Amino acid sequence: MNVLGIIASGLAALFITVALAKGVRRTALRSGAGRAPDGRPSRAGVVRRLGGATVVLGVGAAAAAGTALGAADGSGRAVTGLLAGAGTVAVLGLVHDVRPLGVPVRMVVQAAAATLAVCLAGLSPVAGVLAVVGIVAVTQAFALLDTSDGALAAVGVVTAAGLLTCAAVDGRSGLALPPAVLLAGLIGFLLHNWHPARIRPGASASLFTGFVLATSGALIHVAAPPERAAWAALPVLATVALADTALVLISRRRASRPLLQDCGDHIAHRLRRIRVTVPGTAVLLGLWAGVAVVIGTLVYAGVLHPALALVPPVCSAPAVLALLRIPAYTAPPRPAARRPATGTTAPTAPAAPAGTSPATAAPARTTAGRPTVPPPPTGRPAVGVTADQS
């Protein structure tokens with residue numbers, strides 16, 4: 001295993017990402033296009049669109065250089081396919097940040113990128129189809145985590161560390177290179193993405209991160225020795241991302257809302273509604289992912305029984321049910337309720353002229369012209385007759 005090459009590639013990714021992120025932040029704050037109407041700097045324009053590109057460029061450049069220098073050993077073709085597919089979805093995300101694209105277009109491009117990575121990795125047709133489906137699902141799940149400062153980066157760092165450990169257990173430096181450089185790049189990005197975030201990942205970095213993690217997991221699974229319980233261990237590493245996806249799908253289905261339209265109902269949104277701070281949300285998601293990653297890596301290494309891989313998803317189910325009880329949608333205003341009529345309602349009698357006693361005033365009449373029945377001395381209304389109350 002080329003340890004020195006992986007370490008050098010990781011350090012390169014860290015420094016490139018930090019330098020690019022700092023430059024993008026300064027450029028965006030000095031740009032007139034990045035200013036709000038009141039003159040204060042706005043991060044919604046240039047920063048949001050270019051912030052995620054720092055991770056893509058830093059990680060991609062370091063991984064490509066490491067592959068060219070031999071850090072990937074015998075997995076150079078598979079790593080090249082992974083980087084090509086990740087670059088494709090990164091461009092897709094950048095275009096989506098500038099001009100939103102439809103869901104079918106995004107799914108087709110992600111499936112094509114996953115197919116490219118799978119074909120260059122040399123997977124069999126059956127394994128390739130399953131890998132493409134899993135890569136697209138996990139990529140989209142990680143992309144949905146970009147809802148709070150530091151959330152995606154924190155979960156991505158922990159997940160990449162788990163994949164790096166699984167690849168190192170088998171001594172496969174080629175498959176360890178992508179998660180290693182992604183881990184370093186996300187750490188550098190997190191320095192600027194921690195609350196209050198100076199830059200944000202956007203769709204470009206979120207899709208890139210999810211694709212690298214998902215494809216790395218698929219390649220490690222295929223190359224794992226038979227004694228490894230990769231089928232049970234590796235899916236556990238994506239517990240937080242999959243739990244967030246399950247939460248929003250169930251919540252929107254129960255509320256009869258569009259399944260593919262963002263409604264502010266993710267884990268981070270619900271934690272904020274119960275007064276959890278933004279940094280606290282990132283820490284909680286990171287710890288949640290850390291527990292799942294530790295169990296998954298121990299199962300992969302053979303330290304724990306494969307049945308224990310069920311612990312993270314089983315324990316995450318009550319958490320999802322508890323989060324569903326936190327209101328996430330604003331109830332629409334209800335129309336004013338009408339008072340139901342309970343019989344023949346008589347119109348209000350006109351007011352008597354000044355100086356006229358009630359006894360001499362004209363009696364109230366119904367719409368048919370007949371006088372109304374006066375109430376009995378007990379104060380109860382006569383049977384079958386009601387009067388309007390003003």
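Just so it is clear, none of the values below were taken in a lab; they were calculated from the coordinates. Nothing here was measured: the structure is a model prediction, and the numbers come from that model. Positions of Cβ are backbone-derived with ideal geometry, glycine not excepted, and every protein chain shown enters the neighbour counts.
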Sorting ALA131, LEU144, ALA160 by the position of each Cα along the dipole of region 99-230 (Lys, Arg +1; Asp, Glu -1; all at Cβ), the one nearest the positive end of that ordering is LEU144
Checking rank on 159-167, 59-67, with mean other Cβ inside 10 Å and highest first, the result is 159-167, 59-67
Expected sort for 177-188, 257-268 on mean C-beta neighbours within 10 Å, highest first, is 177-188, 257-268
Taking Cα pairs closer than 8 Å and at least 6 residues apart, the relative contact order of region 3-324 in percent is 23
Here the gain from full extension of TRP194 to LEU11, 0.36 nm per residue of separation minus their alpha-carbon distance, amounts to 63.9 nm
Between TRP231 and ALA68, the FRET efficiency computed from the C-beta separation at R0 = 25 Å comes out, to the nearest 0.05, as 0.15
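Using only C-alpha positions, report the orientation-averaged shadow area of the convex hull of region 68-202, nm², one decimal. Before the final figure, lay out the partial values.
On the way: hull surface 34.9 nm².
Answer in nm², one decimal: 8.7.
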Mean 1/r over distinct Cα pairs of region 3-324, inverted to a Kirkwood Rh in Å, yields 19.7
With the convex hull built on the alpha-carbon atoms of region 186-272, volume per residue in Å³ sits at 136
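Ranking request for peptides 141-151, 311-321: highest mean number of other beta-carbon atoms within 10 Å first, then the rest in descending order. If you can, show how the numbers build up before the last one.
Details: 141-151: 23.2, 311-321: 14.6.
So the peptides 141-151, 311-321, ranked by packing, come out 141-151, 311-321.
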Total charge of the residues flanking VAL109 in space, meaning their Cβ is under 15 Å from its Cβ, with Lys and Arg +1 and Asp and Glu -1, is +1
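In the P(r) worked out for region 102-165, what percent of Cα pairs fall beyond 14 Å?
Values: 1320 of 2016 pairs.
The answer is 65 percent, as a whole percent.
Computed FRET efficiency, Cβ-Cβ of ARG26 and TYR329, R0 41 Å: what is it to the nearest 0.05? Provide the component values of the computation, followed by the final result.
Details: r = 39 Å, r/R0 = 0.95.
Efficiency, rounded to the nearest 0.05: 0.55.
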